[in-house]
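Read through the structure below, which is laid out as structure tokens, and then see the notes.
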Amino acid sequence: MKILLPIDGSKSSLNAAKYVAKTAKNSRSPVVVTLISVHDDAGLGHVKQFVAKSVVDDYLREVSERELKAAQKVLDAAGVKHNIAIKRGHISDEIMALANKDKVDLIVMGAKGQSGFMDALMGSVAQRISSCAKQPVLLIK
């Protein structure tokens, strides 16, 4: 079974990682998890005028790696085979593109993202993915 696990560093995305680890550990068939971190760089348009593209790229990669670290630890502790994808662009579009390209069987994600503005954003991402995905989508609180 192939599972796509979008991670944004929020508590609910970490809960999703814990759920996937437990499910994979108890599964009778092999489970491969792809952790994906996506950052929409559209809001950085103004910054890009003053900062080199490589600096923006490095910054977004570092943020993604930091967000993915806790989920990786959870999956490693459970002995779950996983790989990582770091993308830039429209969040739900990038998640759906990878889900379709890799022909995943299930998308498991947090129902809400980080607090404040990001909470509303991730909620809308989860809603869009659950309504557009061809695959089953499991939302975790």
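The table for this structure:
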| item | result |
| --- | --- |
| Any hit, the stretch 31-47, residues being part of a helix (DSSP H, G or I) and among the acidic types (Asp, Glu) | yes |
| Output for the stretch 63-92, where each listed residue is more than 19 Å from Val33 (Cα to Cα) and either among the hydrophobic types (A, V, I, L, M, F, W, C) or modelled with pLDDT of 95 or more (or both) | Val63 |
| Matching option when the condition is over 16 Å from Ser10 (Cα atoms), assigned to a helix (DSSP H, G or I) and among the basic types (Lys, Arg), among Arg66, Arg61 | Arg61 |
| Residue in the stretch 7-18 that is surrounded by fewer than 21 Cβ atoms within 10 Å (Cβ to Cβ), part of a strand (DSSP E or B) and of a type outside the set (S, T, N, Q) present | no |
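Each row is one residue, and each column tells you yes or no for (1) over 18 Å from the mean Cα position of the chain (by Cα); (2) crowded, with 20+ Cβ neighbours inside 10 Å.
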site: Pro30; (1), (2): yes, no
site: Ser37; (1), (2): no, yes
site: Gln49; (1), (2): yes, no
site: Tyr59; (1), (2): no, no
site: Ala71; (1), (2): no, yes
site: Ala85; (1), (2): no, no
site: Leu106; (1), (2): no, no
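The values are calculated or read from the model by the stated rules, or taken from the named source; none is laboratory data. Being a predicted model, the structure only gives us computed values, none of them experimental. Heads up, the Cβs are rebuilt from the backbone with ideal geometry, glycines too, and the neighbour counts pull from every protein chain shown.
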